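**Q** Take a look at this one; I'll ask things after.
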Amino acid sequence: AAFGETVCFFLNAISYLAILLALLSMRLKLPVRKNATASVRHSLREGLSYAFATKAIRWLLLILAAVSFLINAYVPLMPAFVGEVFQRDARTVGTIISCAGLGAVVGTVLLAARRGTLHLTRFLRAAQLVGAAGLTLFALSRSLALSHLLIVMVGFGSIGQGTLPLLL
């Protein structure tokens, strides 16, 4: 953030390029596909019917939708929030978003340190509560230091909410 928004966006783009290059360098043996007999529309309808008929998948999809629409929306709103509430600039936005990244890293490390799948749903619920509480309190906070700590909780919650449904 010390160099301005343009440099930050450029570095972010480069980080995505590195991931894309890593994915392109992978050499995978893909199974041979049979020719599809059904239309794309029919296959999509069949997949959605199955997903919504299966209780666990339906709930996971609803959780992911809620997270996408309600919780992850804080990122694009952050510059306006920081400017309006804290009367600060892009540097403060950068430090706050970095704190969310720190929370995400903590969540990732805790998830990676788990042995097996025992109690994953408890971890998911805890992550949801931590993220929701952190975001709610962040929205109410007028203390910059406290807001930095609260957004760490949001980052932790986003990893739990975004990653764990895919693992279950």
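What follows draws every value from the coordinates through simple rules; no lab data is involved. This is a predicted model, so every value here is computed, not measured. Cβ atoms come from the backbone with ideal geometry, glycine included; neighbour counts cover every protein chain shown.
**Q** Taking just the alpha carbons, could you work out the radius of gyration and Dmax for the chain, both in angstroms?
**A** Cα-based Rg and Dmax for the chain come out at 19.6, 60 Å.
**Q** Which whole number of Å³ per residue matches the convex hull of the alpha-carbon atoms in segment 36-123?
**A** Value for segment 36-123: 179 Å³ per residue.
**Q** Please give the contour-minus-distance gain from F86 to L111: 0.36 nm per residue of separation, less the Cα-Cα distance, rounded to one decimal in nm.
**A** On the way: separation 25, 0.36 × 25 = 9.00 nm, distance 3.34 nm.
Extra length available between F86 and L111 comes to 5.7 nm.
**Q** While we're looking at this one, here's another question. What is the pair-distance distribution P(r) of segment 78-158, computed from all Cα-Cα distances in 10 Å bins starting at 0, with each bin given as a whole percent?
**A** Histogram of Cα-Cα distances, whole percents per bin: 20, 46, 23, 10, 1.
**Q** On to the next question. I'd like to verify something in the chain: which complete DSSP H helices, judged by Cα projection on the helix axis, reach 15 Å or more and average at least 1.0 on the Kyte-Doolittle scale? Spell out each step's value before the answer.
**A** On the way: long enough: 5-24 (28 Å, 1.98); 40-53 (19 Å, -0.06); 55-66 (16 Å, 1.69); 90-113 (34 Å, 1.65); 120-140 (30 Å, 1.28); 144-167 (34 Å, 1.60).
What comes out of the filter, once short or polar helices are dropped, is 5-24, 55-66, 90-113, 120-140, 144-167.
**Q** Give me the distance in nm between label points sitting 7 Å out from Cα along the Cα-to-Cβ direction at I57 and L140, one decimal.
**A** Spacing of the two 7 Å Cα→Cβ label points: 3.9 nm.
**Q** Related question: Multiplying the sequence separation of L102 and L120 by 0.36 nm and subtracting their Cα-Cα distance, what value in nm do you get? It would help to have the intermediate numbers written out before the result.
**A** Numbers: separation 18, 0.36 × 18 = 6.48 nm, distance 2.13 nm.
In short, 4.3 nm is gained.
**Q** Pulled fully out, how much extra length does the chain show between K29 and I14, if you take 0.36 nm times their separation in residues and subtract their Cα-Cα distance?
**A** Values: separation 15, 0.36 × 15 = 5.40 nm, distance 2.80 nm.
Result: 2.6 nm gained on full extension.
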